[in-house]
Amino acid sequence: RLSIKRTIDIVGSLIGLAVLAPLMSLIALAIVTTSPGSAFFAQERYGWRKRRFFMYKFRTMVSGAETMLDSLESQNEAVGPIFKMREDPRVTKIGKFLRRTSLDELPQLWNVLRGEMSLVGPRPMSVRDVNLFSEASLMRRFSVVPGISGLWQVSGRSDLPFDRWMELDLRYIDNWSLLFDLKILARTVVAVVGGRGAK
């Protein structure tokens, strides 16, 4: 079953990268012409068995946004180790649109092709967030390959509190099947079109 899942990831990411190449080129052009810096953003994340890798996204914030995080920590609106601000001053105008439509996630198809991520799985978390974990049970998240989409994304995403997010990740791990993945992919399309929980 894992071999079939990996085959689906390879075929799906290859088709996605080929079909979406024109759109991704336009997005990259729009980013670099409206904000100084690269079109892409790479951040170190924890993956399967806590192996670190660089996850790619279209840049939605101003250049050097990560260096500004410390000054914004006091305004964190999330409960738990994650950082969330509804009106984050670092997010660019086009970045808000990309986040709302989830188009900023498209470069992760490259991560899927490389085997660092899957089309479906728990969301890979940043080194900062994982270092703030307070419960050893959360380490179970690293027993599977992380994904672009997952049960958290189709159940509310940023609208959900951290504890609920972790609960959904562990539920996915405990109940994983190929059919479950296909159902999540189908619900992902609905969630993206509706912009549900995107921030």
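A few comments on the model shown:
- 9 Å beta-carbon shell around V120, net charge (K/R +1, D/E -1): -1
- Interchain or long-range residues, amide H under 5 Å from M117's placed H: V112
- Derived scalar couplings ³J(HN,Hα) [segment 99-116; Karplus, 6.51 cos²θ - 1.76 cosθ + 1.60; whole Hz; x for Gly, Pro]: 5, 4, 9, 6, 5, 5, 7, 4, x, 5, 4, 5, 4, 5, 4, 6, x, 7
- You can think of it this way: the chain between V193 and V62 has 44.6 nm of extra reach, that is 0.36 nm per residue less the Cα-Cα gap.
- Extended-chain gain in nm, criterion 0.36 nm per residue less alpha-carbon gap, N76 and D159: 28.4 nm
- Mean shadow area of segment 73-199 over all directions, Cα convex hull, nm²: 8.0
- Where Cα atoms sit under 18 Å apart: lysine pairs in the chain separated by 8 or more or lying on different chains: 10
- Relative packing of 102-111, 145-154, which averages over residues the other C-beta atoms within 10 Å, highest first: 145-154, 102-111
- Length-normalised contact order for segment 67-145 - Cα pairs under 8 Å, 6+ apart - percent: 23
- Sum of -39500 (n - 2.57) over DSSP H runs of 4+, divided by residues of the chain (222 nm, nearest 500): -13500 deg cm²/dmol
- Computed over protein heavy atoms with a 1.4 Å probe, the carbon and sulfur contribution to the accessible area of segment 94-199 reaches 60%.
- Relative packing of peptides 122-129, 68-75 - highest average C-beta neighbours within 10 Å first: 122-129, 68-75
- Near I31: Cβ cut-off under 12 Å, other residues only, Lys/Arg at +1 and Asp/Glu at -1. The net charge is +2.
- Sorting the segments 15-22, 92-99 by their mean number of nearby beta carbons within 10 angstrom, highest to lowest, gives 92-99, 15-22.
- Average projection area in nm² (convex hull over Cα atoms of segment 1-148, one quarter of hull surface): 9.4
- Charge sum, other residues only, whose C-beta stays under 12 Å from L178's C-beta, Lys/Arg counted +1 and Asp/Glu -1: +2
The values are calculated or read from the model by the stated rules, or taken from the named source; none is laboratory data. Everything numeric here is computed off the predicted structure, so don't read it as measured data. Every residue, glycine among them, receives a Cβ derived from its backbone with ideal geometry; neighbour counts consider all protein chains shown. The accessibility values were calculated without ligands, DNA or RNA, using every heavy atom of the protein model including side chains. Shrake-Rupley method; radii C 1.70, N 1.55, O 1.52, S 1.80 Å.
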